[in-house]
Amino acid sequence: MTDFAPTARTTIRRRPDRGSYDRDLVHAIIDEALLCHVSIIVGREPLVIPTSITRIAEDVYIHGSNKNRLITSIEDGARASIAVTHTDGVVVGRSGFGCSLEYRSVVIFGRASLVPAEDKERVMNAVLQDIIPGYGGRRLKPSELAATRIVRFPLEEVSAKVRNHGVLDVEEDYQRDIWGGVIPLSLVAGEPVSDDRIRPGVDIPDYARSYRR
Ligand SMILES: Cc1cc2nc3c(=O)[nH]c(=O)nc-3n(C[C@H](O)[C@H](O)[C@H](O)COP(=O)(O)OP(=O)(O)OC[C@H]3O[C@@H](n4cnc5c(N)ncnc54)[C@H](O)[C@@H]3O)c2cc1C
């Protein structure tokens, strides 16, 4: 597929060398993310809410309870902006001016549409597999699906930005005896902790033992 076409909204002005409209890069950044930040205008007030995000093909999905203010506000076609962010490292410069973060991020603009009842189970299963690959819990009940709202945003107006080039100090500072470099950051899964009410004989499944992002 072709890359995203920049629009007036998604044209990267500051450090355009770090910007990208590469579809595969955008997909990869979204797919690695557990969460995003969705921003909308409610009444006349800006609202930003962190929540989980899942991509299926050229759409992203946000879900919540029927009473979720974010979802009920955007399901009627309100405009929203979604940010997905990974912090990959702390850049330590030889001066504060050279300190930064290594990152990969995506910004999405769009209007949401409500996912119809007949598609909810498929999308929720994809959401669960996205967050917990290999997940093997019981099937969602119709009442649980009825209590859940899912909205879909088409991936159309999208930009990515990546900082991955390490230290960029002021030229004269390279002559100073001051350490500079990158401290890598990553999301690491710990040992699974079983719920107190696990029935005897139920082992921790492989998908939990080997969970990694
Ligand atoms: C973890 C992290 C930390 C950052 N820290 C700083 C900081 O401390 N100071 C700072 O100035 N900047 C920081 N940035 C970069 C910041 O996100 C903006 O790109 C930058 O501030 C330029 O903002 P602007 O409003 O001038 O963007 P513009 O270039 O005017 O934005 C225009 C369009 O470009 C796109 N765009 C802009 N930024 C991004 C992005 N990050 N990802 C995807 N698309 C984007 C959007 O579509 C946006 O509508 C950080 C980014 C990340 C991910």
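Odds and ends about this structure:
- Check on Arg79, farther than 30 Å from Glu171 by Cα, in contact (Cβ under 8 Å) with a residue 24 or more places away in the chain and not hydrophobic (A, V, I, L, M, F, W, C): yes
- Taking each residue of region 159-176 that is on the phi > 0 side of the Ramachandran plot and looking for partners that are modelled with pLDDT of 95 or more with beta-carbon atoms closer than 6 Å, six or more apart or interchain, yields Gly166/Val182.
- Selection status of Glu102, under 29 Å from Tyr211 (Cβ atoms), modelled with pLDDT of 95 or more and acidic (Asp, Glu): yes
- Residue-level check: of (1) part of a loop (DSSP other than H, G, I, E, B); (2) within 16 Å of the ligand (Cβ to nearest atom); (3) β-branched (Val, Ile, Thr); (4) within 24 Å of the chain's Cα centre (by Cα), Val188 misses just (2).
- Selected residue (criterion: surrounded by the most Cβ atoms within 10 Å (Cβ to Cβ)) from residues of region 85-99 that are over 22 Å from Val188 (Cα atoms) and out of contact with any Cys (no Cβ under 9 Å at 6 or more places or on another chain): Arg94
- Members of region 140-169 that are in a loop (DSSP other than H, G, I, E, B), out of contact with any Phe, Trp or Tyr (no Cβ under 9 Å at 6 or more places or on another chain) and under 18 Å from Leu114 (Cβ atoms): Leu140, Ala147
- Hits in region 1-47 - residues which are surrounded by 11 or more Cβ atoms within 10 Å (Cβ to Cβ), part of a strand (DSSP E or B) and more than 9 Å from the ligand (Cβ to nearest atom): Leu35, Cys36, His37, Val38, Ser39, Ile40, Ile41, Val42, Leu47
The values are calculated or read from the model by the stated rules, or taken from the named source; none is laboratory data. The structure presented is a predicted model; accordingly, all values stated were derived computationally and were not measured. Note that each Cβ is placed from the backbone with ideal geometry, even for glycine, and that neighbours are counted across all protein chains shown.
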